[in-house]
Amino acid sequence: MLDREKPPGRRRARFPTGIRLLRDPTLNKGTAFTEKERERLKLRGLLPPRVLPQEQQVQKVLENFHRNETDIDKYLYLISLQDRNERLFYRVILDHLQEMIPILYTPTVGLACQLYGHIWQRARGLFISARDRGRVAAVMRNWPYGPVRAIVVTDGERILGLGDLGANGMGIPVGKLSLYTACAGVDPAWCLPVTLDVGTENEQLLADPLYGGLLQHRLSTVEYDALVDEFMQAAATLFPRALVQFEDFGNRNAFRLLKRYRDRACCFNDDIQGTASVCLAGLHSAVRLLPSTRLTDQTILFLGAGEAGIGIADLVVTAMTTEGLSEGDARRRCWFVDSTGLVVKGRGDLAEHKRPYAHDHEPLPDLLSAVTALKPTALIGVCGRPHTFTRPVIEAMTAINARPLVLALSNPTTRSECTAEEAYQWSRGRAIFASGSPFPEIAYRGQTFVPGQANNVYVFPGLALGVIACGARRVTDEMFLAAARTLAAEVSEGDLASGRLFPPLVRIRAISASIATAVARVAYERDLATEPRPDDVRAFVEAQMYDPSYESYA
């Protein structure tokens, strides 16, 4: 177990006044400071004389937001708002989630990461580099906020479907933690974004004079593991109640790190476990539309056998075993096609994480032949390669199934295995479709389909809130099962009729509270919580949710 010592105490700084207050984004209210506050806090003359409450400030923000023509410009505007006035930023995001999440996170955050060295404006998060070996704890003590309860960390090797972006990957933990707050009410003061800069194999970045990361190739495995271990030990020492979320690590490290730390620290991998929980929720919703409404009757074919695909399959197997199947029978319900073809026992090139799903079958060269031979009820794309769910593949799925289930989960939109329009047209309107990034509504033969978005934002913020609220010592698969069932239960018959496998994002705060409650209950039932069990778990969870409304300083 990682050592967990009492963190060093922090002296509370004196409340700032005047221009220092206006330059503190965590306290600044801009023109919403009242007359009494302006007088008391030495703000008179530093602001326009008229007091504008938060509601009117939101109107102004939206006006300026819509004046930007490109998504990256809208992203930069939102980030600059976060750097000026944190509560106003979260109020805008919370009140306009459907519009803001595609800008704040996928797909726009992918472009933001690619350009990160060119658009970086202000420190937000910690960069811990290979040069910090032996002093990682000292670097982490430089973080000025707290108490830290949530850390999202990346090494930038597999940013969305864009590959190795090195230190530019910082946009991901920053964006994820913004969603912790907007979608689940995790206090932003509790959140710490971290990028482990261990180098990059991206030659274009290494040749970029404005790239801010180390100009070196990635560390060897031994050096890499030593840095990660020092980071995890420092996190346990300095922030003993913090949840650590691993994000966008490459396959070669993601499985190793999760296996190494999951029983030693309060941590999870969102690409493996969060994606799995959201996808399982989508499957639970979809079976309500299928001839057989039992998960255990489904045959699932995955395109892509990386961390997302294997993570989904592992959780599906766990879910099927709770519904009565043996583990072996449940695994035989899950098949994989990778870049070489069908994953079967006869292949000698399989990585360790693929072997549990290598079944007895003749080799098949591609996805279409696998669909034809295996006759799956569900097709799940997690390969990161666009246009791989071709028309023949969708037509083959439609010939086999009255309602083919098609999940094209790769992000961003440009990496999706197929578009919503393609899925509906090629299946003649019969497909049950969801994607990782958002697609607009599709009109087909007099019917309007609302494509579901299998976005991890449905699960990871609520799960984090539940873990933080009860002070869970570990994150378990049972918690992700509970999150998936809770999310699926939020899908109405009306949602399903319109094509949605997930509830509208506008309800995400309530959904996150429900997931957090379910997760906390698992922690209490399994004796993993460190906080005393309250009489009303949901009320206890909701009482800890951050409200972006302004506080009074009068």
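None of the figures in this text is laboratory data; all of them are computed from the coordinates on show. Note that the structure is a prediction, hence the values are computed from the model and not measured. Every residue, glycine among them, receives a Cβ derived from its backbone with ideal geometry; neighbour counts consider all protein chains shown.
Could you list T34, T221 in order of exposure, starting from the residue whose Cβ has the fewest other Cβ atoms within 10 Å?
By the 10 Å Cβ count, ascending: T221, T34.
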Footprinting proxy, F249, F231: sorted fewest to most Cβ within 10 Å, the residues are F231, F249
The chain: antiparallel bridges as % of DSSP beta bridges, rounded to 5, reads 10
If you add up the charges near L104, with Lys and Arg at +1 and Asp and Glu at -1, over every other residue whose beta carbon is less than 11 angstrom from its beta carbon, what do you get? 0
Per the rule of 0.36 nm per residue minus the C-alpha distance, extending S80 to S339 adds in nm 89.1 nm
Could you tell me which GluC sites (Glu not before Pro) in the range 220-275 are loop residues by DSSP with no more than 14 other beta carbons within 10 angstrom of their beta carbon? none
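Dipole magnitude of the range 458-542 about its Cα centre, charges +1 at Lys/Arg Cβ and -1 at Asp/Glu Cβ only, in debye to the nearest 20?
160
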Antiparallel content of DSSP bridges confined to the range 273-455, in %, to 5: 20
Checking understanding here: applying a Kyte-Doolittle mean of at least 0.5 and a length along the axis of at least 24 Å (C-alpha), which whole DSSP H helices in the chain pass? 508-525
Stretched out fully, how many nm does the piece from E35 to R50 gain, at 0.36 nm a residue minus the Cα gap? 4.5 nm
Within straight-line cross-link reach of K29, lysines at Cα separation under 26 Å, skipping those fewer than 8 residues along the same chain: K42, K60, K74, K176
Could you tally the net charge around E201, taking each other residue with its Cβ under 11 Å from the Cβ of E201, Lys/Arg +1 and Asp/Glu -1? -2
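Quick check on the chain: helices-only [θ] at 222 nm, where DSSP H runs of length 4 and up contribute -39,500 (n - 2.57) each and the sum goes over total residues. Nearest 500, please. Could the numbers behind the result be given before it?
Numbers: 24 runs with 231 residues, N = 554.
After summing the helix terms and dividing by residue count, I get -12000 deg cm²/dmol.
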Rank these for me by crowding, S435, S80, going from fewest to most other beta carbons within 10 Å. S80, S435
